[in-house]
Every structure is written in C-alpha cells, then in structure tokens.
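Have a look at the structure below, then the notes.
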Amino acid sequence: MVEAQSVQGFKSQPRLPSFAFPQRYDLILRPDLSSCKFTGAVHIAVDIADETRFLVLNAADISIEGGAIWFKNPISGKELLPSEVVMVEEDEILILRFDEILSIGEGILGIRFEGTLNDKMKGFYRSVHEHNGEKKNMAVTQFEPADARRCFPCWDEPAFKATFKITLEVPTHMVALSNMPVMEEKHDGLLKTLSFHESPIMSTYLVAIVIGFFDYVEASTSDGIKVRVYCQVGKSNQGKFALDVAVKTLDIYKKYFAVPYPLPKLDMVAIPDFAAGAMENYGLVTYRETALLFDDHHSAASNKQRVAVVVAHELAHQWFGNLVTMEWWTHLWLNEGFATWVSYLSVDALFPEWKVWSQFVDESTMGLSLDALAESHPIEVDINHASEVDEIFDDISYRKGASVIRMLQTYIGAECFQRSLAAYIKRFSYSNAKTEDLWAVLEEESGEPVKIIMNSWTKQKGYPVVYATLNDKKLELEQTQFLSNGSEGSGQWNVPITYFSGSYTSQKKFLLETKSAKLDIVDMLDSSTANNNQLIQQNQKTSGNFWIKINVDQAGFYRVKYDDNLAAGLRFAIESNQLSPVDRFGCLDDSFALCMACKQSLSSLLSLMGTYSGEEEYIVLSRIITISCRVTDAAADAVPELQADVKQFFINLLWHFAEKLGWDAKDNESHLDALLRGELLIALAELGHEVIIKEAVRRFNSFFLRDKHTPLLPPDTRKAAYVAVMRTVNSSNKSGYESLLKVYKEIDLSQEKGRILSALASSPDPAIVLDALNFLLSSEVRNQDALYGLAGISREGRDVAWVWLKDNWAYISKTWGSGFLITRFISSIVPLFSSEEKATEIEEFFASRIKPSIARTVKQSIERVKINAKWVKSITNDQSLGGIAKDLAGRKF
Ligand code: BES
Ligand code: ZN
C-alpha cells in the first residue's frame, strides 16, 4: 500500500511515483484551427502495481472540467470518481485522490480536457502557412522534452512507455498525420474522423500529430516501408532529395543495427514554424523547412549537406532513442550523442566524396570549446525538474557525446563496436536504458574495461590537455584539466593516447590511466634518424627535427601541448606535407585553444599559421577562417594599430585558394570546393578585401536588378555577396541594405531568408546593425528565424546589440522565454565582449532576471567574456607580435 496520506507528499518531486503506470492510451483530439482551441478525451489503461488511493500524472496548460475524470477499478470494474483533483502548476502534475482503494491490476482512467493551440512552438501549437494565397493555420505537436502534458494528461517521462491509439477529428480537406498509418476514415460533412493504428510501446515525447495542407513525394525501402516527404502545396519537388536520403538511410541502419525499422511507414514533414532543427517523432519526423527541403536553383552545397545530416540524425533516433530510449534525461546524451555520431556513418556511406568523417572535427572542436569552461557540465547530468532539460540539448550532449563515442569506437575497433551496438539495441528494444547498460554490453563484447574508462568522460565535466615532452629518448606525457580561463582544474581521465612519427603505419596506442607516464620511443627516434639521413643524402631540405603527432586523426577528446622542440618538429611535418588534413587541423586547433587560454603566445600561433600557406583542404581552411576572425577581433581590442597587418596576413593566407576557386562553379567540381568557395568569399569580404567586395556588389546587383536565377550569383556564393553588400552600406547610403530587405520579403524560400538574415547585422555601421536587430523582432521575421540574424552581428555592432538586448529583454523573454531559443539571444551577443568591466555589467543585468532555462547559458557566456578579456590583455603584452605580424603581412604566399 502506498503510504502517502495527502496530496502534499507528491509535490516538488523530480519524478512521478511509479506505483501506477500506463499501458495504453486511447486518445481523441478535436482541434479547431480557426479559433485555435482543442478538446480531447483520453482513456488510459493503467497498471496499479501497489494498492493506492492516488494517481499522479502530468498535465499543464490544459483545463479539466469538474466531473470529467473517472477511474474504472481493476477488480470490481466499478467507476470511481476522484474525491480530490489537484493541478500543481509549478510541478506540472495532476494529483487524483480517491476515497476507495485502487486495487492491484489494470484499471482505466478516463479524462476529458480542453486547451489552446499555442504559438510557442511546443506542446500542441499552431504554425502558419500559405495555401492558395491565404494564410492558414496548421496544428503541430512538439513534445520533447516534456510537453506532451500540454496536449493531454499523461505519464510524461521517457521510462513510462505505452502504446498509443490516436483518433483525430479534423476538417475534411486537410491532411492529418500521426505516428502510425490511418486504419479507418469516416466523413461527416465538413469533418472527418481518422483513426490511426495502435503504435508499439513508446515514450510520450515521441507522440506526434500534424494537421495542415500539404503535397508529398513518396518512395519505398527494399522492405516495402513507405516513406513520404510532405511539403508546402506545389513544392513537393523540394522534398525529393531528403526522400532519397531517407530511403537509403533506413536500409543502412537496418544493416548496421541488425534490426529492421519497426514501423510500417515513415513520414517526414516540413513545418514553417519550428523551434529545433528537426524532431524524431516515431514514424512522423518533423523538420524546419531549411533542414528538409532542397531546391535545385536556390539551395547551396551547405544546405544539401545539412538536409542529409539532419535526416540521417533523426532516422538514427528511430533506433537509438525511439526503440531503445534513455531511462531519464540524465542519459539524454545516449540519444543525441549517438544520433550525431551515427549520422556520419550514413552520410559517409551515401556521399563518400563529402569526406564527412574528416568534417567530424567540427563536432569535436565545438564540444571541446564548451567543455573548456568552468561552467560546463558532465555528459551525465542531474535533472531535477523538467524545466532544466531544455538547456542540456547543447554541445556537451551532442558533440562531446558524439566525440567520446568516436574515441571509444577507435579504441575498441569498429567491428566489435558495431556488434556491441546491435546487441544493445536487441537487448533493450521497446524498453529503456541507462549509460551503464551500454557500457556493460560493450564490456561483454570487447573484454575491455569500458565502464572505468568511460565513466571518467561522462561523469565528470571537462577534459585533459596532455603535455608532451621529449627527454632522454623518452616521451613524457602529463595530463591536467584544460580550462580556457588558463587555470588548471583537478580532473583526471583515462586517456586513450595514440601517436605516430614519420608514417601513419608506425601508429601506437597507450592508455594513460595516471597523471603522467613515460613512453619508450627509441624505435621511432631511430627510424626518424634513418629517414632524415636518407633525405639529406637525396639533397632534400630537412630541418632534421624529430616529430611525433599525438592523438592520431583527432579521434581522442583531448588537447596536446608539445614542448618547443616537438612543436618545431611538427611545423616541419606540416610544411613537408606529412600530416593528414585532420591532423593538420588538430595541430592548429590545439594551438589556437592554448593561445586563447594564454598558454601560448599569439605570435607563436601566427607563425604556426604561416606554415599553412599552401593549404587547400576544406576542413583546414575552414578552421583557419574561424580562427582568423577570432584573432582579428581580439587583436582589434588589444592592439588596434596592428589590426591592418593581422588582417593582411589572413588575406594572404586565404587569397591564393580563393583566387583559384573563383566565383563561378567549375564543371563537376567537388562538394567540398563548393563549400569552401562560400566560406572563403565570406571571410575575405569580412576582412575587407576590396576586390572581393567590389565583385560581390557587381554580382549582387545583377541578381537583384535582373534575375534571381542569374548564373552570376549561384547559391554557394550568395551569403558572401550579402555580407559584402552589408560591408558597403552606412547610414547615409542604405540602398544595399534596403535591397536585401526587399529580397527577404519577396523570396519564398527559407534557406534564402536564413542567408539574408545571417548577413543583415554584419554591417560595420552600428546604426544599421540596430535597424537589422529591430527587423528581427518585427512581424516580417518568424520567431523561429531570429537566431539566424543574431549569429551575424559585427564587432562594430556589439555595443548597440547589447543595449538592444537590454532594452528589449522583456519582449524577448516573453516571446522566446518558454523554449530553448532564448539562450541564443544571450550566447550570440554576450561573448562578443572582451573586458572585465563588461562582464560585471552583464552579470549585474542578469542577476535579477535568471530563470532555470537560461541560468547556465548566462554563466557560460559571461565566462567567455572574462576569457576574452584575459586573452586580450596577454596579446597586449606580447612583445614579438608587432614584428611577426608585419613580417607575415609582407609575405605573399
Ligand atoms: N531530439 C532533437 C530535437 C530537439 C532538440 C527536441 C531540442 C527538443 C529540444 C533532434 O533529434 C535533434 O537533435 N535535432 C537537431 C538536428 C541534428 C542534426 C543535430 C536540431 O534540432 O538542431
Ligand atoms: Zn537528435
């Protein structure tokens, strides 16, 4: 018998009690799309595991009228009415008290309720789309992480899996979709009733409904699973690319996980108002338009890759997440980290020429960046309230998660890893799992101490920097926690170290389980000497430096700091082209991180960058671009008089390949060249390269004045042109800016709108930046899209942006505050600053405005300002910088 005597005992608990749990939901919903109201009724088959007078489940923002609740008692079959019904708003729970005892067995709980189709992009909400030239509402659900309770009363936690039988009453002429196919359709005048097949058991956050006007394209997998992509009416062509990716991806995952896709159909729908990028609802995956649609004339290579990656990610969840679900949000990373990692498998199989595994370094570098903050959090994080979940959909769960999986896979081998995953999926199908369940399976299959190794990565935050020193023919390794603020944390990890020298075939591995270790590398030193002698005999130039690269292929989640000799050796290895692109990336990225943490001078980073003068690989140049922007901004704050030299050096570094690629796509050029062209031109425009800006404006004018299909401005180069146009406008000559706004309003393609928004605030004129930011808040821009505009704020615009954020905080908080998009306002603007005074000012502003959903982001963003401040100060004190910058600026590569 459950002991609690009053409703009080159930309040303020992190999780629902489990003495009663749902088996099956029979749910009917009747949305009214013009009044934006809905009514509904649910019958829940509830298993009473322990005698009780109470039922406790989730509900929020819905109203339940008096007399609308009953419970059919298991044994007697008697219908009981609750004697007390309490909705606890802050806990989002519904507590029902009955006078009679609910006996053990399966009873039925019936509840009638009603609610509003909100405009917050969560729960059961409305999105607006055009149909026959008119604005129409559509009704959509977004339940992850904890918003099914806003649509119907339910046990809204991932471990309470049940089956769902859904019925919808909707206007006859509309398309209505849910997780399962339609079983029966009845028409009654202007309304139709659709009954969907009962689903397999699943979690509430994966339940989905979409009602609106759509066209679709359709195909089948080799197993006969029907896959459809639903798009705006008249635009189904734009769904073909994603459809093709989806059909092939389902086959790939079926083989990889050794379990077929478990549902009879898969629908994927583009939703015009959508908070996340996409959502993996079982059998009914919903997407932002930019993440699903591909237009042959207007989509860029980057858009294409994004669509493929997002589809691959969401479909990975159909196994990892939907079939096997995390037991609690603490294990969210099992969903997101794995889906992120698995998506690379599929995209690599479908598009090998994209070399996505080498692009994986983008995931790890962003994970490393966030996890270098003192305000980071462990991968496995305590969650005590639903409101805390939103914030952990972050670079730790996704990117650090994916990176530590890759590290483990590399450690135990791809084949064993796949076997273990298949076993894990099989064992936990239609059930829930915790992180340690996965480790147990991997340990059984591999015989390696997986749990001990991995606990050090998932249960504590942060990661190590490994100091490498060559002493007396021994390689000395020592780990300390890496923090961007320059201090040393106390963490310690089991670090899978890999290293090689001379040739990749010499690769060795070693598990660093202690603070430090010495490795005997005599054989590597000997073969290096032999190699150098040979080069000298052949009269080739050699520095004679021995080199060793640690963290082969950047598969480990850690950074490396080499002693001066080893660092010089690596510069030689880079110049003489002995490292793979990924390892070249790694050397540069580690150096940059160490420089920001003031563990290495900017002058030494710049001279390292000088060794990348002939670089032509996408991932490496792309990182050089990002680093160039960061360094230019920091140098501008530290030593304004050096800014011109620093910029000139970066222009020199990027120009040679930009010139080679040109503005126009070559016949049959590679996907990576197309990506690179876009990024190089944007960077050169931002660096103020006159020739590029002039040419960009010429091409934009042809696009704007004559023809949106002009070959002069292919999609890959458009953002660069927009940024260049924004560099030329100012308060007295706004015409370029106005032209861009005009294109924004006219064009009916989300990707184009996104590109324009991301350029609008990049002007060097603060007045224009302010105007652009205000535009983001206008009715012209959908709430889901404001984040694109925030991402492009220029350094010159940061002061007005901060004032704008403060002035509009009440509105921003009201409009975006109930979801995770609010965090973007903070994380896009605050880290643009680099002084202690600003950090204090920002802290003071937020002190009275903190809520659980932004708490961590505020702390992290302020920490970034302090890190910038320290970095800028160290640049100011860098005596060699002036000379080096001048020298590099004068070099033509
Ligand atoms: N499960 C998430 C969607 C989500 C995110 C729901 C945040 C609730 C809160 C989905 O699988 C996802 O991860 N989407 C990504 C895209 C992916 C390719 C990284 C997204 O929304 O950006
Ligand atoms: Zn995901």
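Within the range 122-135, being out of contact with any strand residue (DSSP E or B) (no Cβ under 6 Å at 6 or more places or on another chain) and open to solvent by 20 Å² or more (accessible area, probe 1.4 Å) holds for 130, 131, 132, 133, 134. Figure legend. Inter-residue proximity from the range 674-698: first residues open to solvent by 40 Å² or more (accessible area, probe 1.4 Å), second residues not in a helix (DSSP H, G or I), beta-carbon distance below 9 Å, spacing 6+ or different chains. Indicated pairs: 686/762; 686/794; 695/663; 698/712.
For the range 304-339, give me each residue that is near ligand 2 (Cβ under 10 Å from one of its atoms) and either farther than 18 Å from residue 201 by Cα or under 15 Å from the mean Cα position of the chain (by Cα) (or both). Working first, answer last.
First, pick out the residues of the range 304-339 that are near ligand 2 (Cβ under 10 Å from one of its atoms): 310, 313-314, 316-317, 320-321, 332, 335-339.
Of everything in the range 304-339, those that are near ligand 2 (Cβ under 10 Å from one of its atoms) and either farther than 18 Å from residue 201 by Cα or under 15 Å from the mean Cα position of the chain (by Cα) (or both) turn out to be 310, 313, 314, 316, 317, 332, 335, 336, 337, 338, 339.
What are the residue pairs meeting all of these: first residue in the range 286-312, first residue in contact (Cβ under 8 Å) with a residue 40 or more places away in the chain, second residue away from ligand 2 (no atom under 15 Å from the Cβ) and hydroxyl-bearing (Ser, Thr, Tyr), Cβ atoms under 6 Å, and 6 or more apart or on different chains? Here the result reads 289/750; 290/750, each pair linking the range 286-312 to a residue that is away from ligand 2 (no atom under 15 Å from the Cβ) and hydroxyl-bearing (Ser, Thr, Tyr).
If you check 663, 655, which single one turns out to be open to solvent by 10 Å² or more (accessible area, probe 1.4 Å) and within 30 Å of residue 882 (Cβ to Cβ)? Give the derivation first.
On the way: 663 fails: within 30 Å of residue 882 (Cβ to Cβ).
Answer to the check: 655.
Among the residues of the range 167-183, those that are free of Cβ contacts under 8 Å to residues at least 40 places away in the same chain and assigned to a strand (DSSP E or B) comprise 176, 182, 183.
Pick from 196, 164: which is out of contact with any helix residue (DSSP H, G or I) (no Cβ under 7 Å at 6 or more places or on another chain), aromatic (Phe, Trp, Tyr) and under 12 Å from residue 25 (Cα atoms)? If you could, list the steps in order and put the result at the bottom.
Values: 196 fails: under 12 Å from residue 25 (Cα atoms).
Only one candidate qualifies: 164.
Summed over the range 731-749, the residues that are out of contact with any Phe, Trp or Tyr (no Cβ under 9 Å at 6 or more places or on another chain) and open to solvent by 30 Å² or more (accessible area, probe 1.4 Å) give a count of 9.
Close contacts from the range 779-807, counting a first residue that is free of Cβ contacts under 8 Å to residues at least 24 places away in the same chain and a second that is of a type in the set (Ser, Thr, Tyr), with Cβ to Cβ under 7 Å and a gap of 6+ residues or different chains, come to none at all.
Answer yes or no: is there a residue in the range 727-738 that is assigned to a helix (DSSP H, G or I) and closer than 30 Å to residue 810 by Cα. Quick ask: steps written out before the conclusion?
Of the range 727-738, the ones assigned to a helix (DSSP H, G or I) are 727-728, 735-738.
Next, from what is left, pick out any that are closer than 30 Å to residue 810 by Cα: 737-738.
Yes, that holds for at least one residue.
Selection of the range 273-301 for residues being away from ligand 1 (no atom under 12 Å from the Cβ) and either closer than 19 Å to residue 820 by Cβ or under 18 Å from the mean Cα position of the chain (by Cα) (or both) yields 273, 289. Each residue in the range 820-845 was checked for being of a type in the set (S, T, N, Q) and touching a Leu at 6+ places or on another chain (Cβ under 8 Å), and 1 of them qualify. Annotation note: of 140, 42, 56, the sole residue that is buried (at least 19 other Cβ atoms within 10 Å of the Cβ), touching a Ser or Thr at 6+ places or on another chain (Cβ under 6 Å), of a type in the set (Val, Ile, Thr) and modelled with pLDDT of 95 or more is 140. Residues in the range 759-791 that are among the β-branched types (Val, Ile, Thr) and surrounded by 18 or more Cβ atoms within 10 Å (Cβ to Cβ): 2 in all. Check whether at least one residue in the range 809-822 is out of contact with any strand residue (DSSP E or B) (no Cβ under 6 Å at 6 or more places or on another chain), part of a helix (DSSP H, G or I), open to solvent by less than 10 Å² (accessible area, probe 1.4 Å) and under 30 Å from residue 632 (Cα atoms), and report yes or no. Yes, that holds for at least one residue. Take the residues of the range 795-808 that are out of contact with any Leu (no Cβ under 7 Å at 6 or more places or on another chain) and open to solvent by 10 Å² or more (accessible area, probe 1.4 Å): which is nearest to residue 850 (Cα to Cα)? Top of the filtered list is 806.
Could you please find all residues in the range 340-355 being away from ligand 2 (no atom under 13 Å from the Cβ), farther than 16 Å from residue 247 by Cβ and either buried (at least 24 other Cβ atoms within 10 Å of the Cβ) or within 15 Å of the chain's Cα centre (by Cα) (or both)?
Answer for the range 340-355, where residues must be away from ligand 2 (no atom under 13 Å from the Cβ), farther than 16 Å from residue 247 by Cβ and either buried (at least 24 other Cβ atoms within 10 Å of the Cβ) or within 15 Å of the chain's Cα centre (by Cα) (or both): just 344.
Looking only at residues in the range 376-408 that are farther than 21 Å from residue 819 by Cβ and in a loop (DSSP other than H, G, I, E, B), the one that is nearest to ligand 2 (Cβ to nearest atom) is 379. I need the full set of residues from the range 357-375 which are touching a strand residue (DSSP E or B) at 6+ places or on another chain (Cβ under 8 Å) and either assigned to a loop (DSSP other than H, G, I, E, B) or charged (D, E, K, R) (or both), in order please. The one that is touching a strand residue (DSSP E or B) at 6+ places or on another chain (Cβ under 8 Å) and either assigned to a loop (DSSP other than H, G, I, E, B) or charged (D, E, K, R) (or both): 374.
Can you tell which of 751, 784 is farther than 25 Å from residue 631 by Cα, part of a helix (DSSP H, G or I) and in contact with a His (Cβ under 9 Å, 6 or more places away or on another chain)?
Working: 784 fails: in contact with a His (Cβ under 9 Å, 6 or more places away or on another chain).
Of 751, 784, the one residue that is farther than 25 Å from residue 631 by Cα, part of a helix (DSSP H, G or I) and in contact with a His (Cβ under 9 Å, 6 or more places away or on another chain) is 751.
The set of residues from the range 400-445 being open to solvent by 60 Å² or more (accessible area, probe 1.4 Å), free of Cβ contacts under 8 Å to residues at least 60 places away in the same chain and either touching a Phe, Trp or Tyr at 6+ places or on another chain (Cβ under 9 Å) or under 21 Å from residue 379 (Cα atoms) (or both) comprises 436, 443, 445. For the range 385-399, the candidate set comprises residues that are under 15 Å from residue 363 (Cβ atoms) and open to solvent by 40 Å² or more (accessible area, probe 1.4 Å); within that set, the residue that is nearest to ligand 1 (Cβ to nearest atom) is 393. Screening 351, 360 for residues that are closer than 16 Å to residue 408 by Cβ and more than 10 Å from ligand 1 (Cβ to nearest atom) leaves exactly one candidate, 360.
The values are calculated or read from the model by the stated rules, or taken from the named source; none is laboratory data. This is a predicted model, so every value here is computed, not measured. Reconstructed Cβ throughout: ideal geometry from the backbone, glycine too, with neighbour counts over all protein chains shown. Quick note on the areas: whole protein, heavy atoms, side chains included, nothing else; ligands and nucleic acids left out. Shrake-Rupley method; radii C 1.70, N 1.55, O 1.52, S 1.80 Å.
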